[in-house]
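Engineer: Input: one structure, supplied below.
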2 protein chains.
Amino acid sequence: MNKVLVLGAGQLARMMELAGTPLNLDVKAFDVRSHKVVQPISPEHEYGDLAQGIANADVITAEFEHVAHDTLAECEQSGKLFPSSNAIKIGGDRRLEKALLESAQAANAKHCFVNNKAEFDAAIEKLSLPIIFKSALEGYDGKGQWRLKDKSDAEAVWLDMAQFLAEAKETQGIVAEQMVPFDREVSLVGVRRKNGDIAVYPLTENHHTQGILSVSVAAPVNEALQKQAGKVFKALTEELNYVGVLAIEFFQVGEQLLVNEIAPRVHNSGHWTQQGADTCQFENHLRAICDLPLGSTALVRPTAMINIIGEDSVANDVLAIPSVTMHWYNKGKRAGRKMGHINVSADNKQELAQRLLAIAELLPKAGFPELHDFAVEYLAKQK
Amino acid sequence: MNKVLVLGAGQLARMMELAGTPLNLDVKAFDVRSHKVVQPISPEHEYGDLAQGIANADVITAEFEHVAHDTLAECEQSGKLFPSSNAIKIGGDRRLEKALLESAQAANAKHCFVNNKAEFDAAIEKLSLPIIFKSALEGYDGKGQWRLKDKSDAEAVWLDMAQFLAEAKETQGIVAEQMVPFDREVSLVGVRRKNGDIAVYPLTENHHTQGILSVSVAAPVNEALQKQAGKVFKALTEELNYVGVLAIEFFQVGEQLLVNEIAPRVHNSGHWTQQGADTCQFENHLRAICDLPLGSTALVRPTAMINIIGEDSVANDVLAIPSVTMHWYNKGKRAGRKMGHINVSADNKQELAQRLLAIAELLPKAGFPELHDFAVEYLAKQK
């Protein structure tokens with residue numbers, strides 16, 4: 001039996017345990033807050049510290065990209081970490097991410113780096129307004145993003161940004177990006193095995209509410225777009241000699257896909273694969289890091305995923321809608337927190353839209369502010 | 001969160017935990033050998049004895065029908081046991097089972113009860129040869145079944161059976177059944193909620209090897225047969241005021257279905273539902289006993305289940321066949337033991353047959369003696 005240690009003990013580790021158990025994989029997780037190894041679905045069971053976790057594991061992986069660098073180094077030294085610490089770090093630093101996109105020649109928004117006032121001014125010269133400034137490393141307290149629409153606001157934006165940079169503990173920086181007037185957001189989740197085998201899922205259409213993913217829909221897609229996304233996936237993962245699942249978020253502008261960001265891990269926009277694909281992303285990630293043959297990523301039928309944010313229950317009647325599957329994460333209720341998701345499938349897009357609407361009608365507007373409108377629009381598009 | 005206690009800590013409890021965790025159900029199991037409550041997927045974690053398990057649970061159910069009667073009584077007294085002890089016992093005593101079939105007017109093979117020599121002789125008079133004699137309660141050491149094909153063997157069969165009865169500790173008995181020259185074996189898995197709602201899965205075709213289920217195939221079925229089976233399910237479960245999943249094994253003789261036996265629980269011939277149905281049998285059982293709306297039992301696509309018996313690994317290449325999902329039970333290797341199963345799906349029956357054949361070609365003949373022939377025949381039937 002292969003023993004897998006996941007860095008991070010949240011819902012992604014939990015779903016890896018659920019997918020790995022039938023494969024006879026023993027999945028444990030390192031909780032980065034308590035510094036204990038735990039069982040993801042029953043975190044009250046502890047299995048020692050990181051060193052013991054590394055020693056006991058055959059393979060180590062991560063469920064998030066903001067793992068402390070010394071933890072990554074300790075894992076990498078064991079020779080068991082997949083993907084590499086390099087790849088994981090890229091997901092946590094927009095400067096590295098942009099450098100990767102450039103070296104792999106993946107189309108993305110026009111951008112430049114800002115570390116001081118001179119570079120800030122240069123960015124405004126080089127890029128057209130509006131510009132979005134994002135901290136290179138994770139922000140804090142909701143800080144770390146600034147939008148500049150009007151040149152007259154530049155001074156105020158810079159002052160705030162300068163203070164943010166001055167207060168940063170790490171070698172923080174800013175990436176300035178020309179904002180893209182995109183038609184929609186899509187993402188590609190795919191998987192690569194050590195031997196170079198690659199399998200990608202169908203492109204997923206994503207809808208965000210207040211910056212958090214609220215709905216993802218997977219349905220048969222435009223082949224040209226799918227091919228375009230697949231080429232980017234191949235280029236990026238080969239450049240990284242990547243092993244495991246990786247997600248790429250794109251802006252679609254006309255018929256072109258621009259990479260928005262990449263996540264070196266299983267991804268929220270791939271949760272639909274639990275019901276909608278031949279093999280789910282969690283199982284495929286485990287297969288890849290355990291060096292097992294990849295599973296088919298084919299779409300079984302149109303499937304949508306609805307995030308449950310800040311709510312710890314939904315009306316039982318939702319379960320009465322055909323092909324609804326609930327996925328709760330067993331987390332304490334907190335505003336803005338991802339508490340679970342709902343997957344729903346159907347034989348065709350119109351039926352899927354109807355089921356989405358039926359679900360939306362049972363869920364409270366407060367917790368799912370844009371779901372009803374999304375479902376109505378999605379249904380209208382199928383007619 | 002609903003807390004569920006399963007009587008029995010084998011693979012069915014394990015798969016209930018895997019299906020229940022995303023629903024935020026806390027599934028524990030009572031191990032009838034150690035008399036401890038454990039976590040099914042990590043049985044090293046113990047949670048006290050039966051009394052504590054009952055006190056901690058919101059709902060209690062069983063994964064097998066041979067639960068000690070005092071255990072059932074203790075659970076039933078708590079008011080939390082679903083299905084009832086009555087229904088569970090029927091699965092463990094062929095006399096009660098036959099009585100139920102008669103009172104629900106469910107067609108089954110001609111039969112009578114045998115407790116002594118006079119009744120044995122009467123059975124041979126009443127039923128035509130060949131006759132199969134089955135112990136009413138579970139046999140032991142593989143004993144408990146006798147076939148009588150030729151009247152001249154009657155004396156020898158009776159002597160053996162008389163010794164078996166004399167040695168039995170419980171109030172053992174024998175059911176004599178006229179053997180049915182059936183065309184095939186099929187089963188119906190269905191679920192009933194407290195309020196009387198019923199949902200049944202499509203009929204599944206089963207193939208046994210040496211008395212153990214080896215392959216089940218679910219594909220679109222003859223509507224008249226499905227209706228016939230559904231009527232039997234309704235009659236039996238209403239008679240029992242049943243709550244949960246129940247499986248009925250049938251002999252198909254021409255266009256008629258004769259009940260062979262019933263299992264008051266999730267059933268091996270329903271494992272294909274994990275990949276092939278809208279909602280799997282484990283989730284639907286949990287929904288029913290927790291009084292949640294039943295999930296759709298619709299077939300998503302043709303799916304087969306292959307039991308892994310006595311083997312603790314299979315070639316990794318099996319995973320490379322599209323839509324193959326492995327389900328290992330994490331049990332110690334032992335000849336004749338159910339160690340896991342493989343589910344495989346396809347868009348149509350011909351593709352399913354091809355995938356079955358591809359799997360059979362990768363598995364050892366010793367462990368899967370009839371699988372290859374079954375796959376070849378099944379493929380031939382699709383042409």
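The values are calculated or read from the model by the stated rules, or taken from the named source; none is laboratory data. Just so you know, these numbers come straight off a predicted model, no measurement behind them. Every residue, glycine among them, receives a Cβ derived from its backbone with ideal geometry; neighbour counts consider all protein chains shown. We work out accessible area using only protein heavy atoms, side chains counted, and drop any ligands, DNA or RNA first. Shrake-Rupley method; radii C 1.70, N 1.55, O 1.52, S 1.80 Å.
Engineer: Can you list the residues in the stretch B:285-302 whose accessible area drops by at least 30 Å² when all protein chains are present, compared with the chain alone? Use a 1.4 Å probe, heavy atoms only.
Structural biologist: So the qualifying set is B:Arg287, B:Leu292, B:Pro293, B:Val300, B:Arg301.
Engineer: Another question, then. Can you find, among A:Phe82, B:Val37, B:Ala375, the residue farthest towards the positive end of the dipole of the protein assembly as shown? Put +1 on the C-beta of Lys and Arg, -1 on that of Asp and Glu.
Structural biologist: Going by the charge dipole, the pick is B:Ala375.
Engineer: A follow-up question, please. Taking amide H positions as placed 1.01 Å from N in the peptide plane, with prolines and chain starts having none, which residues 5 or more places from A:Ala62, or on another chain, fall under 5 Å of its amide H?
Structural biologist: A:Leu7
Engineer: Rounded if a/c is under 1.5, else prolate if a/b is larger than b/c, else oblate: which is chain A, with a ≥ b ≥ c the root eigenvalues of its Cα gyration tensor?
Structural biologist: Numbers: a/c = 1.44, a/b = 1.09, b/c = 1.32.
Judged from the Cα gyration tensor, chain A comes out rounded (a/c under 1.5).
Engineer: Explain nothing, just the number: dipole magnitude of the stretch A:3-81 about its Cα centre with +1 on each Lys and Arg Cβ and -1 on each Asp and Glu Cβ, in debye rounded to the nearest 20.
Structural biologist: Numbers: 6 positive and 12 negative charges, 29 e Å.
Rounded to the nearest 20 debye, it is 140 debye.
Engineer: Got a sec to turn the phi values of the stretch B:335-346 into Karplus ³J(HN,Hα) couplings, 6.51 cos²θ - 1.76 cosθ + 1.60 with θ = phi - 60°, whole Hz, x for Gly and Pro?
Structural biologist: Values, residue by residue: 4, x, 8, 6, 9, x, 8, 10, 9, 9, 10, 7 Hz.
Engineer: Bin by bin, in steps of 5 Å, what percent of the Cα pairs in the stretch A:110-178 do you find, going until the bin that has the longest distance?
Structural biologist: Calculated over all Cα pairs of the stretch A:110-178, the distribution is 4, 18, 34, 27, 13, 4, 0 percent.
Engineer: Shifting gears a bit: Strictly greater than 22 Å: what percent of every Cα pair in the stretch B:3-81 meets that?
Structural biologist: Considering the stretch B:3-81, 11 percent of its Cα-Cα pairs are separated by more than 22 Å.
Engineer: Any idea of the accessible area per residue across the stretch B:13-106, 1.4 Å probe, to the nearest Å²?
Structural biologist: Per residue, the stretch B:13-106 has 39 Å² of solvent-accessible surface.
Engineer: A follow-up question, please. Classify the stretch A:311-383 as rounded, prolate or oblate, taking a ≥ b ≥ c as the square roots of the eigenvalues of its Cα gyration tensor: rounded when a/c is under 1.5, otherwise prolate if a/b is larger than b/c and oblate if not.
Structural biologist: Details: a/c = 2.35, a/b = 1.61, b/c = 1.47.
Prolate shape, in that a/c is at least 1.5 and a/b is the bigger ratio.
Engineer: Can you list the aspartates and glutamates whose alpha carbon is less than 12 Å from that of A:Lys333, not counting same-chain residues fewer than 8 positions off?
Structural biologist: A:Glu311, A:Asp312
Engineer: Threshold 30 Å², probe 1.4 Å: give the residues of the stretch A:15-39, in number order, that are less accessible with all protein chains present than with their chain alone.
Structural biologist: Those are A:Leu18, A:Thr21, A:Pro22, A:Leu23, A:Asn24, A:Gln39, which lose 30 Å² or more relative to the chain on its own.
Engineer: Using modelled backbone amide H atoms (1.01 Å from N, in-plane), which distant-in-sequence or interchain residues come within less than 5 Å of B:Ala277's amide H?
Structural biologist: B:Val300
Engineer: Tally up the carbon and sulfur contribution to the accessible surface of chain A as a whole percent, 1.4 Å probe, everything protein left in place. Working shown, then result.
Structural biologist: Values: 7320 of 15490 Å².
Carbon-and-sulfur percentage of accessible area, whole number: 47.
Engineer: Taking chain A as a Gaussian network, where each spring joins two C-alpha atoms under 10 Å apart, which residue of A:Asp312, A:Asp153, A:Asp26 fluctuates the most?
Structural biologist: A:Asp153
Engineer: Continuing with this model, one more query. Using a Förster distance of 41 Å, how high is the FRET efficiency between B:Leu362 and B:Phe113, based on the Cβ-Cβ distance and rounded to 0.05? Mind dumping the intermediate values first?
Structural biologist: Working: r = 47 Å, r/R0 = 1.14.
Efficiency computed from Cβ-Cβ geometry: 0.30.
Engineer: Still on this structure, please answer the following. Keeping all protein chains in position, work out how much accessible area A:Asp373 exposes to a 1.4 Å probe, and write it in Å² to the nearest 10.
Structural biologist: 90 Å²
Engineer: HN-Hα J couplings of the stretch A:222-228 from phi, Karplus 6.51/-1.76/1.60, θ = phi - 60°, integer Hz, Gly and Pro as x?
Structural biologist: Values, residue by residue: 3, 5, 5, 5, 4, 5, 4 Hz.
Engineer: Set Lys and Arg Cβ to +1 and Asp and Glu Cβ to -1, take the dipole of the stretch A:184-381 about its Cα centre, and tell me which of A:Thr303, A:Tyr329, A:Leu258 lies farthest positive.
Structural biologist: Result: A:Tyr329, furthest along the dipole toward the positive end.
Engineer: Also, quick follow-up: For B:Ser84, A:Ser323, B:Ser128, give the ranking by accessible area with the largest first, probe 1.4 Å.
Structural biologist: Accessible-area ranking of B:Ser84, A:Ser323, B:Ser128, largest first: B:Ser128, B:Ser84, A:Ser323.
Engineer: Provide the packing ranking of B:155-168, B:225-238, i.e. peptides ordered by the mean count of other C-beta atoms within 10 Å per residue, highest first.
Structural biologist: On the way: B:155-168: 13.9, B:225-238: 18.6.
Ranked from most to least packed, the peptides come out as B:225-238, B:155-168.
Engineer: Right, something else. Pop out the ³J(HN,Hα) list for the stretch A:32-48 in order, Karplus 6.51 cos²θ - 1.76 cosθ + 1.60 with θ = phi - 60°, rounded to Hz; leave Gly and Pro as x.
Structural biologist: With coefficients 6.51, -1.76 and 1.60, one gets 6, 8, 7, 6, 10, 7, 9, 8, x, 7, 9, x, 6, 8, 10, 9, x Hz.
Engineer: Quote the total accessible area buried by chains B and A together, excluding ligands, DNA and RNA, probe 1.4 Å, nearest 100 Å².
Structural biologist: So the total buried area for this chain pair works out to about 2900 Å².
Engineer: Given the Cα-Cα distance of A:Glu311 and A:Lys149 and 0.36 nm per residue of separation, how much length would full extension add, in nm?
Structural biologist: Stretched fully, the A:Glu311-A:Lys149 segment lengthens by 54.9 nm.
Engineer: Given the rule -39500 (n - 2.57) for each run of at least 4 DSSP H residues, summed and divided by the residues of chain B, what is its mean residue ellipticity at 222 nm, to the nearest 500 deg cm²/dmol? Please report the intermediate quantities before stating the final value.
Structural biologist: Details: 12 runs with 122 residues, N = 383.
-9500 deg cm²/dmol, from helical runs alone.
Engineer: Tell me which lysines have Cα within less than 18 Å of B:Lys381's Cα, excluding those fewer than 8 residues away on the same chain?
Structural biologist: Within the straight-line limit of under 18 Å, B:Lys381 reaches these lysines: B:Lys349.
Engineer: Just to compare against my own numbers: the Cα pair-distance distribution for the protein assembly as shown, 10 Å bins, whole % per bin, please.
Structural biologist: Bin by bin from 0 Å, the calculated values are 3, 13, 22, 24, 17, 10, 6, 3, 1, 1, 0.
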